[in-house]
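One structure is given below, encoded as structure tokens.
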Amino acid sequence: MFPELTRDDVFRLETRRLWLRWPRMGDANAILRLAGEKAVAEMTASIPHPYPTQAVEPFIFGARKGNTLGEHLVLAITPRSKPNELIGMVSAHKQATGVPFIGYWLGTPHWGKGYATEAVQGLIDSLFSLIDLPAIEADTRVINPASRRVLEKSGFRSEGSFLKSLPARGGLFPCEQFRLDRSTWAALKSWSASGWAHAPDPEADEEPARAPTLAMPPRRQQEQGEPCPA
Ligand SMILES: CC(C)(COP(=O)(O)OP(=O)(O)OC[C@H]1O[C@@H](n2cnc3c(N)ncnc32)[C@H](O)[C@@H]1OP(=O)(O)O)[C@@H](O)C(=O)NCCC(=O)NCCS
């Protein structure tokens, strides 16, 4: 499902404030520290809590391997000014239906600044631009209004609630299913291209988010992280 472009570890997505890049072994401590927080893990299907130290390197290896094979696209979220500093992750996964499924998390110090929305929108723009997809899906626990809001701000609509197995949480939990059809995404993109925009927030201490750029062509960059065996 995922094209050649995303299968090379030079692949980057660039948004207004973020770089989304392949994870690498140098991210291990940040993943342990940030994904290791209960507030992050408990809203996800697969992040264990407590996060065993020995689990992080196999996770990064598996993420890179799956990226190479085109099984999924798992990316580190980093500030553009500090691309070695992982602050969260965003991912897309194949499903048998042909409609990919996205997931994301952000470390708690970085919540509430619009970063998750910016990363999710960057990812969905790229997926729809690079792949002939009819739609993208996501779900959230029903007790997770922040995640619901990220999806709503990105154009997803709710398709109802269901019980989902969350393996790392150890059972079935009420979740809400969301879907973004290509036609809705295309309409939202054409509206933003028409020039309509919120007025900038004078209180904001950082530049406001704007529509993310589409996938960047691969650029050869000097990697500063540890080499990865993948
Ligand atoms: C969900 C998560 C990624 C959101 O990250 P974030 O960077 O804070 O998200 P954003 O700032 O882009 O947007 C959050 C939105 O939710 C809103 N929000 C936050 N907490 C909320 C709450 N308790 N009730 C209602 N809305 C809430 C924010 O106000 C914001 O909406 P706004 O821009 O309209 O004001 C982050 O909370 C997280 O990592 N949680 C744990 C892991 C997780 O839930 N992953 C998703 C699994 S489906």
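We did not get these values from a lab; they are worked out from the coordinates using the rules stated. None of these values were measured; they are calculated from a predicted model. Because the Cβ atoms are built from the backbone with ideal geometry, glycine has one as well, and the counts that use them run over all protein chains shown.
Within the shell defined by Cβ-Cβ distances under 15 Å, the residues around F128 carry a net charge of -1, with Lys and Arg each +1 and Asp and Glu each -1. Taking Cα centroids, how far is region 138-161 from region 49-104 in Å? Distance between centres, Cα-based: 20 Å.
In which sequence would V74, V120, V142, V99 go, from the one with the fewest C-beta neighbours within 10 Å to the one with the most?
The order, fewest Cβ neighbours first, is V142, V99, V74, V120.
Got a sec? How would S183, S126 order by Cβ neighbour count within 10 Å, fewest to most?
S183, S126
When region 4-193 is described by a simple charge dipole with +1 on each Lys and Arg Cβ and -1 on each Asp and Glu Cβ, the residue from G62, L163, L20 located farthest towards its positive end is L20. Okay, which of region 121-143 sit inside 12 Å, backbone N to the point 7 Å along the Cα-Cβ direction of H93? Label zone hits: 138-139. By the count of other C-beta atoms within 10 Å, a proxy for reagent exposure, L75, L172, L133, L123 are ordered fewest to most as L172, L133, L123, L75. Within the set K38/K153; K65/K113; K94/K189; K94/K164; K164/K189, which residue pairs have Cα atoms separated by over 29 Å? Those over the limit are K65/K113; K164/K189.
How much net charge surrounds R149 when only the other residues with a Cβ under 15 Å from the Cβ of R149 are counted, with Lys and Arg +1 and Asp and Glu -1?
Within the 15 Å Cβ shell, the charges total +1.
Take every Cα pair under 8 Å whose residues are at least 6 apart in sequence, average their separation, divide by the length of region 4-193, and the relative contact order is 20 percent. Below 13 angstrom from the Cβ of G66, what's the summed charge of the other residues (Lys, Arg +1; Asp, Glu -1)? Result for the neighbourhood of G66: +2.
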